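Here's the structure we're looking at; comments come further down.
The values are calculated or read from the model by the stated rules, or taken from the named source; none is laboratory data. None of these values were measured; they are calculated from a predicted model. Heads up, the Cβs are rebuilt from the backbone with ideal geometry, glycines too, and the neighbour counts pull from every protein chain shown. Side chains included, ligands, DNA and RNA excluded: accessible areas come from the protein's heavy atoms. Shrake-Rupley method; radii C 1.70, N 1.55, O 1.52, S 1.80 Å.
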Amino acid sequence: MSKKIVAIGGGTIGELITDFEKQPYETEVMDTEIIRLSDTSTPNILFIGFADPTYSEQYFSLINEIYTKRYNCRCKHLSLNILSNKTLVNDYFNWADAVYVGGGNTYTLMQILHKYGIDKKLLEAYNQGKVMSGISAGGICWFSYGNSIIPTDENRELIKLKCLELRKMIFAPHCDEINGHFENVENLLKGESLTGLSLSNACAIEIIDDKYRIITSDTNRYKIPPFALKSFWDNNKYYVENVDILDSFEDYEKLLKPEPTGKDAPEEVKKLLRRRNIYFK
């Protein structure tokens, strides 16, 4: 049974800005790929919104609108009020062809997953060949570690958060945004024989068994195409390299090796991150 992950680095999903104006739909490529990987044209999508519990109902409405109206899928929401009903939770997971985890706070997400045993249900679903997907925090959760903030921490300091470890890597979304997450990957990787993958908005990694590829939407949010960067330490030196955007799949093991390849980050990416005071200062 193939094991499948689509982890999205961010992007707008066409939500309303005003009563008459919508944001761009930047995750269309990823959404259609999640559907394709489910091996059915109209899959059952199970939405998990624990990373932002107060907004989860509204979030589900947006996801439901996309997947049901655009793609004729069926959606269910694994809401907090049913988590104590193990029979119902099992029914939801058995029904699902794909799981989509929404964005928000990764620490909050992981706390709820562990508390109610949903982490074990996700691992079981992954091993059954169901598509594991998500955006931002919902992308971080599948990997070894990621950045997060404890909501009660007044200093808002980033912490190294252990996640589900379905794949051995550090994952950082929104690396084109000013939030400290991309910069802190350098600290997360210290003392680890791991690589870090940082994705801009409108960019995702698709992993099927031992292969991967980077997929992007056709958008130029900051007047450059979406991008992916690989980070690692080698001989006490920190490297940030480009990850190619290709239609074909590559060996996932190559992405995991903390070894220099000479693929420098593109100059347009460096200029953007310098201009936004994010990195390459």
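Each listed q (0.12 Å⁻¹) maps to a log10 I(q)/I(0) for the range 73-155, found by the Debye formula over equal Cα scatterers with no solvent: -0.36.
Each distinct pair of alpha carbons in the chain adds a 1/r term; the inverse of their mean, the Kirkwood radius, is 19.0 Å. For the range 190-263, the spherically averaged projection of the C-alpha convex hull amounts to 5.4 nm².
Give me the Kirkwood hydrodynamic radius of the range 140-281 in Å, from all C-alpha pairs, to one decimal place?
Answer for the range 140-281: a Kirkwood hydrodynamic radius of 15.5 Å.
State which entries of Lys3/Lys211; Lys130/Lys168; Lys3/Lys160 exceed 21 angstrom in Cα-Cα distance in the structure shown. The answer is Lys3/Lys160.
In square angstrom, what is the accessible area per residue of the chain with a 1.4 angstrom probe?
Details: 13010 Å² over 281 residues.
For the chain, the per-residue accessible area is 46 Å².
Averaging the Cα positions of each part gives two centres, and for the range 78-142 and the range 234-267 these lie 30 Å apart. Please work out the Kirkwood hydrodynamic radius for the range 140-220, using every pair of different C-alpha atoms, and report it in angstroms with one decimal place. Radius from the Kirkwood sum: 13.6 Å. For the range 122-167, the orientation-averaged shadow of the C-alpha convex hull comes to 3.5 nm² (one quarter of the hull surface). Carbon-plus-sulfur fraction of the accessible area of the range 48-184, 1.4 Å probe, in percent? Taking all protein chains in place, the range 48-184 shows 47 percent carbon and sulfur surface. Highest-first packing order for the peptide set 8-14, 248-254 is 8-14, 248-254, based on the mean count of other beta carbon atoms within 10 Å. Here the 3J(HN,Hα) profile of the range 195-206, calculated from phi with Karplus coefficients 6.51, -1.76 and 1.60 at θ = phi - 60°, is 10, x, 10, 10, 10, 6, 4, 6, 9, 8, 9, 10 Hz, Gly and Pro shown as x.
Size check on the range 1-70: the Cα extents along the three principal axes, sorted descending, read 44, 24, 23 Å. Computed over the alpha carbons of the range 28-184, Rg followed by Dmax gives 15.2, 46 Å. Listed by chain and number, the lysines placed with their C-alpha closer than 21 angstrom to that of Lys22 are Lys69, Lys223; residues fewer than eight positions away on the same chain are left out.
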